[in-house]
Amino acid sequence: MKPSTPASLAGRTLWLIMALAMIAAGCASASTSIGEPDAAVATAAAALEDAAEAAVEDLDIEGNAADTGDESSGSTTNTTPTAVPDSEPDPSHDATDTDAANGYTTVAADPGMDEATSTNELGDEFSDTELPPAPIGFEALTPEPGGRQPVSMVIEDIDVVDATIIPVGVNPDQTFEVPPADQVGWYRFGPTPGEEGSAVLAAHIAFDGVDGVFRHLADVAVGAVVAVGYSDGTSQRYRIDSVTDYFKEELPPELFARDGSPQLALITCGGAFNPQLRSYESNTVAVATPIE
Amino acid sequence: MRRLIAALAALAISAVMFAAPAQADGHIRIHLIHGIPGVDVDVEANGANVFEGFSFGDTQDLSAFAGATLEGVKVKVAGTDTVAIDAGDVALPADGNFTLIAHLDADGTPTIGVFENNESSTAAGEGRITVRHTAAAPAVDILANGAVAFENVPNGAGGDADLPAGTISAEVVPTGATEPVVIGPADLPITEGANLIVYAVGSLEEGSLTVLTESIEGLATPPAAVNTGNSPVDAAQGVSVAAIAGIVGIAIAAAVAVPAVTRARG
């Protein structure tokens, strides 16, 4: 899986994040000491012994999966009533994997918060916490393009001459974000051409009466050469292995595979044109593999 | 070491016994994370240590034990018989995707949390962020891009959200407050087709708060459709051919008609 942001960004940020760092208000004092290395072990041992006394006898994960909406359900057995549902705010989940997910059982837990914790009056509500859905506005910022990317394409066999390739994603309706007629869109969530998996490069056959870059993709010869130029100045040649038409609803998901042998999936439209829908019934797909 | 081998052998046998039917369902992933800073531990099951010197931040894959019941599970301070967590018998699920994490509860008491991970596919162009409060600290609000995304999250709870791939800016504040910002703002990568799971661990009071992360990949969905044309190529050609034919026809007609008219006048 290719991250959509540079790995360095990911690495840098993960550690910073969410340390759910918690509030300044005091928490209970039974915590393990992590202060000085030598003292820590002894202190921790003492604290851990205390913890053991409060430990419960049975931890049954399957009980959690039954229904986190009802903490008494399933076979979870605790000495303290602290089965906390881990609500899933995302409304898009299937019913079968929504609240069944993240069933959470604490062992030897004490839900009581420190009396001095003014900002957190969990009390009896502790086990009934339901997290709200993520609100509007909780959306990702535009990702920064990074790394080696395909930038140009030549397919002499069908008169594609130095076409510009741009990175694209999906439209709001989750369809492929096809670029203007004179450009080729590289599906940036999938592999980079030449890397493991199936790199998708799509272009119009025709848009608003203007021929697209892949106007003649259906006619490309098996064995024809596809040359892809990259942002680092390198290039890679590929050989057309097959050209296939699929009804759009039957476009094989494997064409978007994130792993497997490197290949290009060049996609445009084909088949009958529906004037009412202003759309073609099929996709024409040419698959190419790297030439050594 | 002999004890360890014996225990592993025993576990392997029981795992085989219990795992066989489980594998009929195909998918299993059970990971165990050590989420208590500063304490190396040994994990005992079925009367012997199965993991020794298990350190903070380490992960063990328990998938081989899917469907098995581990008897007398104890988490002990490494190299000692000091029991930190006595989890009793632990019945591992037969299939599914789970993370077990040894962590501190809100009061700082060691405990084991069990989360079932959300393996549902993410929509094309989206990734999933999951946050889990497993630190010895009170409840918090988690802000994303300035808005409260997860509200009043207590120890032991969490949540997730599917977002367009990209980066969000995250902050953590006390529940119901806007400050102090105890963490962040920090950028979080949302990777398409992947689930980034962030655990807050450690202790506020001890100053050991930090985060651990794990990632689940392979959740991507292809685009709903590839619509690469909104005008007909054949019709476009037809129009132009007709136009050309029309022009040629008019020209021919004119060429024929004009002399005729001229002649008639003459």
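The values are calculated or read from the model by the stated rules, or taken from the named source; none is laboratory data. In this text, all values refer to a predicted model and were calculated from it rather than measured experimentally. A quick note on method: Cβ atoms are made from the backbone with ideal geometry, for glycine too, and the neighbour counts reach across all protein chains shown. Surface areas here come from the heavy atoms of the whole protein model, side chains and all, with no ligands, DNA or RNA. Shrake-Rupley method; radii C 1.70, N 1.55, O 1.52, S 1.80 Å.
Structure notes:
- If the condition is being more than 7 Å from every other protein chain (Cβ to nearest Cβ) and surrounded by 19 or more Cβ atoms within 10 Å (Cβ to Cβ), then segment B:206-220 contributes B:L212, B:I216, B:L219.
- Failed condition for A:I166, given (1) open to solvent by less than 10 Å² (accessible area, probe 1.4 Å); (2) part of a strand (DSSP E or B): (1)
- Boolean, B:T130 is among the hydroxyl-bearing types (S, T, Y), more than 7 Å from chain A (Cβ to nearest Cβ) and open to solvent by less than 10 Å² (accessible area, probe 1.4 Å): yes
- Failed criterion for B:S120 (all others in (1) touching a strand residue (DSSP E or B) at 6+ places or on another chain (Cβ under 8 Å); (2) within 7 Å of chain A (Cβ to nearest Cβ); (3) more than 21 Å from B:I183 (Cα to Cα) hold): (1)
- Residues of segment A:148-163 satisfying the condition of being among the β-branched types (V, I, T) and part of a strand (DSSP E or B): A:V151, A:V154, A:I155, A:V160, A:V161
- Looking only at residues in segment A:253-270 that are more than 10 Å from chain B (Cβ to nearest Cβ) and surrounded by fewer than 20 Cβ atoms within 10 Å (Cβ to Cβ), the one that is farthest from A:A221 (Cα to Cα) is A:G260.
To keep it simple, each residue is scored yes or no on (1) of a type in the set (G, A, S); (2) touching a residue at least 60 places away in the same chain (Cβ under 8 Å).
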{"position": "B:T82", "(1), (2)": "no, no"}
{"position": "B:V90", "(1), (2)": "no, no"}
{"position": "B:D95", "(1), (2)": "no, yes"}
{"position": "B:E119", "(1), (2)": "no, yes"}
{"position": "B:A123", "(1), (2)": "yes, yes"}
{"position": "B:R128", "(1), (2)": "no, yes"}
{"position": "B:A157", "(1), (2)": "yes, no"}
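- Taking segment A:176-292 and the strands (runs of 3 or more DSSP E) fully enclosed by it, no element has 2 or more residues that are on the phi > 0 side of the Ramachandran plot.
- Pairing residues of segment A:181-197 that are farther than 15 Å from A:F214 by Cβ and modelled with pLDDT of 95 or more with residues that are aliphatic (A, V, I, L, M) and open to solvent by 10 Å² or more (accessible area, probe 1.4 Å), at Cβ distances under 6 Å and at least 6 apart in sequence or on separate chains, gives A:G197/A:A257.
- A:D245 vs. criteria free of Cβ contacts under 8 Å to residues at least 40 places away in the same chain and open to solvent by 70 Å² or more (accessible area, probe 1.4 Å): no
- Segment B:146-157, subset at pLDDT 90 or above and at positive phi, residue farthest from the other protein chains (Cβ to nearest Cβ): B:N152
- Given (1) farther than 27 Å from A:P167 by Cβ; (2) within 7 Å of chain A (Cβ to nearest Cβ); (3) open to solvent by less than 10 Å² (accessible area, probe 1.4 Å); (4) under 19 Å from the mean Cα position of the chain (by Cα), number of the condition B:T111 does not satisfy: (4)
- Scanning segment B:159-183 for residues that are surrounded by fewer than 24 Cβ atoms within 10 Å (Cβ to Cβ), touching a residue at least 40 places away in the same chain (Cβ under 8 Å) and outside any loop (DSSP other than H, G, I, E, B) gives a single hit, B:D162.
- Scanning segment B:77-98 for residues that are more than 8 Å from chain A (Cβ to nearest Cβ) and open to solvent by less than 10 Å² (accessible area, probe 1.4 Å) turns up just one, B:N97.
- When B:I101 is tested against (1) under 21 Å from B:A45 (Cβ atoms); (2) over 16 Å from the mean Cα position of the chain (by Cα); (3) open to solvent by less than 10 Å² (accessible area, probe 1.4 Å), just one condition goes unmet, and that condition is (2).
- Residue that is surrounded by the fewest Cβ atoms within 10 Å (Cβ to Cβ), among those in segment B:185-205 that are more than 7 Å from chain A (Cβ to nearest Cβ) and more than 15 Å from the chain's Cα centre (by Cα): B:P185
- Some residue of segment B:47-61 being modelled with pLDDT of 90 or more, open to solvent by 50 Å² or more (accessible area, probe 1.4 Å), among the aromatic types (F, W, Y) and assigned by TED's automatic domain parsing to the domain that holds B:N97: yes
- The residues listed here are A:D241, A:D232; of these, the one that is more than 14 Å from every other protein chain (Cβ to nearest Cβ) and at pLDDT below 95 is A:D232.
- Scanning segment A:158-176 for residues being in contact with a Pro (Cβ under 9 Å, 6 or more places away or on another chain) and either more than 8 Å from chain B (Cβ to nearest Cβ) or of a type in the set (A, V, I, L, M, F, W, C) (or both) gives a total of 8.
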